[in-house]
Amino acid sequence: MSAGRLVILTGPSCVGKSPLIRALARHRPDLEERLQPIVLSNSRDPRPGERDGVDYHFRSRADIEALRNVSDRYVMMDVRGDLQALDREEMHALLRKGDALFEGNPFIGQVLVTDPALGDVPRLSVFLTPLSRAEIEAMQRLRSGSVAELVADVMRRKLLRRTTRQKGILSLPDLQNIERRCGSAYEELRLAHLFDHVIANHDGEDSEHWDAFPIPLGDAGRALSFVVALLEGQTLAGLGEAWDRTLLPG
């Protein structure tokens, strides 16, 4: 029997998940301290500033592949070319002590909201999207280009700015990685309807609105306020959106 909630914060790569959690730690440490992070294993190399055992357990692809043989303890996902593994036993151990936080990609988020083994676990799930429902519907009415292409272009620009800030001059593997991530974003947005709350956030991980000023500004500030309200058992009218599975066709 779990004692805490499973808090899920998900959305495409670079949409602003990580800076939102960092902003929560700065401005509402009382809430952030209650969230025990679920740490996945990941086959990719750490990004600048990432720490092994904190952001991910960084392992070789072969080491993670070997976990497939450990009964059904691990949820295995190939995410944009990165092999990731979620330890179910570790997650349940966290839940027995209090709230557990998953902050990551929507494909594993989907597992967490649909897994029958978690049916009795209280959950709070939030999906960050780089486009609002109104913007998607306006693009659909224009019929001058696909929403998938728009999503990819929006995320490509965010990813390029973030990676350039981290690394300076970009290599061919950097650019190929960016294309994988922005090319995956539309399929990730198609999962948004599975989550309790959808928040449109134009201030991605590339935005200075998160930490350049005394308080988060713009959508960064609104997203933080909404998540704070949810963690406190409230909602803020007008900030969350309701999506359905028909919004983004396959």
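For (1) farther than 30 Å from residue 5 by Cβ; (2) touching a residue at least 24 places away in the same chain (Cβ under 8 Å); (3) out of contact with any helix residue (DSSP H, G or I) (no Cβ under 7 Å at 6 or more places or on another chain), each residue gets a yes or a no:
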| residue | (1), (2), (3) |
| --- | --- |
| 141 | yes, no, yes |
| 163 | yes, no, no |
| 188 | no, yes, no |
| 205 | no, yes, no |
| 223 | no, yes, no |
| 229 | no, no, yes |
| 236 | no, no, no |
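As a summary of the residue check, residue 126 satisfies the conditions (1) crowded, with 18+ Cβ neighbours inside 10 Å; (2) at pLDDT below 90; (3) β-branched (Val, Ile, Thr) except for the one numbered (2).
Screening the range 168-191 for residues that are in contact with a Leu (Cβ under 8 Å, 6 or more places away or on another chain) and in a helix (DSSP H, G or I) and picking the one that is surrounded by the most Cβ atoms within 10 Å (Cβ to Cβ) gives 189. Look through the range 27-40, keep the residues that are without any contact (Cβ under 8 Å) to a residue 40 or more places away in the chain and surrounded by fewer than 17 Cβ atoms within 10 Å (Cβ to Cβ), and return whichever of them is nearest to residue 218 (Cα to Cα). The selected residue is 29.
Matching residues to (1) acidic (Asp, Glu); (2) at positive phi; (3) under 19 Å from the mean Cα position of the chain (by Cα):
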site: 198; (1), (2), (3): no, no, yes
site: 209; (1), (2), (3): no, no, yes
site: 212; (1), (2), (3): no, no, no
site: 217; (1), (2), (3): no, no, no
site: 226; (1), (2), (3): no, no, yes
site: 230; (1), (2), (3): no, no, yes
site: 235; (1), (2), (3): no, no, no
site: 241; (1), (2), (3): yes, no, yes
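So, residue 111, is that one under 15 Å from the mean Cα position of the chain (by Cα) and among the aliphatic types (A, V, I, L, M) or not? Spelling it out, residue 111 is indeed under 15 Å from the mean Cα position of the chain (by Cα) and among the aliphatic types (A, V, I, L, M). Scanning the range 70-82 for residues that are in contact (Cβ under 8 Å) with a residue 12 or more places away in the chain, surrounded by fewer than 21 Cβ atoms within 10 Å (Cβ to Cβ) and either of a type in the set (A, V, I, L, M) or touching a His at 6+ places or on another chain (Cβ under 7 Å) (or both) turns up 75, 76, 77. One residue stands out in the range 153-167 among those that are crowded, with 19+ Cβ neighbours inside 10 Å and hydrophobic (A, V, I, L, M, F, W, C): the one that is farthest from the chain's Cα centre (by Cα), namely 154. Within the range 84-93, does at least one residue satisfy the condition of being buried (at least 18 other Cβ atoms within 10 Å of the Cβ), in contact (Cβ under 8 Å) with a residue 40 or more places away in the chain and closer than 23 Å to residue 178 by Cα? The answer is yes, given that some residue of the range 84-93 is buried (at least 18 other Cβ atoms within 10 Å of the Cβ), in contact (Cβ under 8 Å) with a residue 40 or more places away in the chain and closer than 23 Å to residue 178 by Cα.
Just need a number here: residues in the range 1-36 that are within 19 Å of residue 195 (Cα to Cα) and of a type outside the set (S, T, N, Q).
Of the range 1-36, the ones within 19 Å of residue 195 (Cα to Cα) are 4-18, 20-21, 35.
Going one step further and asking which of them are of a type outside the set (S, T, N, Q), we end up with 4-9, 11-12, 14-17, 20-21, 35.
Of the residues in that region, 15 qualify.
The residues listed here are 207, 184; of these, the one that is out of contact with any Asp or Glu (no Cβ under 9 Å at 6 or more places or on another chain), within 26 Å of residue 108 (Cα to Cα) and polar (S, T, N, Q) is 184.
The values are calculated or read from the model by the stated rules, or taken from the named source; none is laboratory data. Since this is a predicted model, take the numbers as computed values, not measurements. No Cβ is skipped: glycine too gets one built from the backbone with ideal geometry, and neighbour counts run over all protein chains shown.
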